[in-house]
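What follows is a single structure, written as structure tokens, with notes after it.
The values are calculated or read from the model by the stated rules, or taken from the named source; none is laboratory data. If you're wondering where the values come from, they're calculated on a predicted model, not measured in any experiment. We place every Cβ from the backbone using ideal geometry, glycine too, and count neighbours over all the protein chains shown.
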Amino acid sequence: MKRTRARAKLWLINNDEEPIIGEGKAALLEAINNEGSLNRACKKVKMSYKHAWLLLKEIEESIGEPIIITQRGGLDQGTSLTEKALNLLEEFNTYQNLLNQTVYDKTFWEAIGLKISARNQMKGRIIEIEKEGLISKIKISIEPTIITAIITKEAADAMDIKKNDEVVAVVKATEVMIGKEK
């Protein structure tokens, strides 16, 4: 029997349920932001200049405002992203990271299947929550110490985490995740 695995694609959509940005458009925006030039961004993502312009126009039509600023001539020439485009890219990356943490994280699937060893789980109580921008720092008292988990604000909101909640910290080599019984 062949082994199966999960795969997911992410799109941000507008109020009319039409896609605004997916992986390809996000990669283009990221390249423009890093390169400061649409031409160099196209080369980086291996996309024709014309196709890139069409994608940028699609995004602008979906959100109803410009997403790039072009400057011709002089030392400051090039292409940059508007504040709206930077926010859109940050939102996409946040959701993509959250998706990656669940769909592509073997520990997540182990937790669902209850295959995580007991030594990786520690019960504790939340003693402090700091929400700052897109992240939340959750301090958990696990006697005799306190650990801090860094998770997305969306994850903290989705779990409705509050001070004094009893939680389970699931520790991986590179991060600490939180689980809460309903």
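Under 9 Å between Cβ atoms, at least 6 apart or on separate chains: pull out the pairs that start in the stretch 56-80 with a residue that is farther than 19 Å from A27 by Cβ and in contact (Cβ under 8 Å) with a residue 24 or more places away in the chain and end on any residue that is surrounded by 12 or more Cβ atoms within 10 Å (Cβ to Cβ) and among the small types (G, A, S). Filtered contacts from the stretch 56-80: T70/G78; T70/S80.
Of the residues in the stretch 40-83, how many are surrounded by fewer than 16 Cβ atoms within 10 Å (Cβ to Cβ), of a type in the set (S, T, Y) and not in a loop (DSSP other than H, G, I, E, B)? Residues that pass the stated criteria total 2. Cβ-Cβ below 7 Å, separation at least six or inter-chain, first residue in the stretch 83-105 and within 17 Å of P66 (Cβ to Cβ), second loosely packed, with under 14 Cβ neighbours inside 10 Å and modelled with pLDDT of 90 or more: which pairs? Within 7 Å, the pairs are K84/E65.
Going through (1) within 22 Å of L99 (Cβ to Cβ); (2) at pLDDT below 85; (3) in a strand (DSSP E or B); (4) among the aliphatic types (A, V, I, L, M) one by one, I138 falls short only on (2).
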